[in-house]
Amino acid sequence: MENKRTIGSEKERLAREYLEKQGYQILECNFYSSYGEIDIIAKDGRWLVFLEVKYRKSLSAGYPAEAVNRQKRQKLYQTAQYYLYKNRLPESTPCRFDVVAILGDKLEHIKDGFGGL
């Protein structure tokens with residue numbers, strides 16, 4: 001039986017492949033700060049996109065995107081702000097937060113899944 005980390009890594013790889021096929025330029029994966037982690041950071045045209053990948057085998061634990069609750073969003077915002085600071089990017093950089101929700105074998109990309117910085 002695969003462990004959660006192995007499954008998570010595999011689903012993040014699937015998400016990256018999907019995003020690259022959509023024309024996204026992957027900048028960084030698993031960006032860590034003291035606030036938390038961002039699964040994927042990518043460019044989509046002029047947008048800097050912070051992506052959270054959520055996987056559920058079935059609906060027994062709810063929809064994957066529902067796991068990106070208020071507390072998780074706050075950690076993502078703080079980590080994204082740190083990313084901008086660390087990379088000396090202006091606060092005016094157009095940013096977006098997307099969710100890649102994977103339920104079983106079905107991948108759904110939710111653009112601007114919960115607002116911006």
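The values are calculated or read from the model by the stated rules, or taken from the named source; none is laboratory data. What you see is a predicted model, and the numbers here were worked out from it, not measured in a lab. Here Cβ is always computed from backbone atoms with ideal geometry, including for glycine, and neighbour counts include all displayed protein chains. Heavy atoms of the whole protein, side chains included, go into the accessibility calculation; ligands, DNA and RNA do not. Shrake-Rupley method; radii C 1.70, N 1.55, O 1.52, S 1.80 Å.
Any idea how many residues of segment 71-90 are assigned to a loop (DSSP other than H, G, I, E, B) and free of Cβ contacts under 8 Å to residues at least 12 places away in the same chain?
Residues meeting the conditions: 3.
For (1) out of contact with any Leu (no Cβ under 8 Å at 6 or more places or on another chain); (2) closer than 17 Å to W47 by Cβ; (3) of a type in the set (K, R), each residue gets a yes or a no:
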| position | (1), (2), (3) |
| --- | --- |
| A67 | yes, no, no |
| K72 | yes, no, yes |
| L76 | yes, yes, no |
| Y82 | yes, no, no |
| R88 | yes, no, yes |
| S92 | yes, yes, no |
| R96 | no, yes, yes |
| K106 | yes, no, yes |
| I110 | yes, yes, no |
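Being part of a loop (DSSP other than H, G, I, E, B), touching a residue at least 24 places away in the same chain (Cβ under 8 Å) and within 14 Å of D98 (Cβ to Cβ) is the filter; apply it to segment 1-43 and report the residue that is least open to solvent (accessible area, probe 1.4 Å).
The selected residue is Y24.
State whether the residues of segment 49-68 include one that is without any contact (Cβ under 8 Å) to a residue 12 or more places away in the chain, within 24 Å of T6 (Cβ to Cβ) and assigned to a loop (DSSP other than H, G, I, E, B).
Within segment 49-68, one or more residues are without any contact (Cβ under 8 Å) to a residue 12 or more places away in the chain, within 24 Å of T6 (Cβ to Cβ) and assigned to a loop (DSSP other than H, G, I, E, B).
Identify all residues within segment 91-109 that are of a type outside the set (G, A, S), part of a strand (DSSP E or B) and either open to solvent by less than 50 Å² (accessible area, probe 1.4 Å) or over 19 Å from K21 (Cα atoms) (or both); write none if there are none.
Within segment 91-109, C95, R96, F97, D98, V99, V100, I102, L103, H109 meet the criteria.
Do we have any residue at all in segment 9-20 that's of a type in the set (S, T, Y), at pLDDT below 95 and more than 20 Å from F114 (Cβ to Cβ)?
Yes; the residues of segment 9-20 include at least one that is of a type in the set (S, T, Y), at pLDDT below 95 and more than 20 Å from F114 (Cβ to Cβ).
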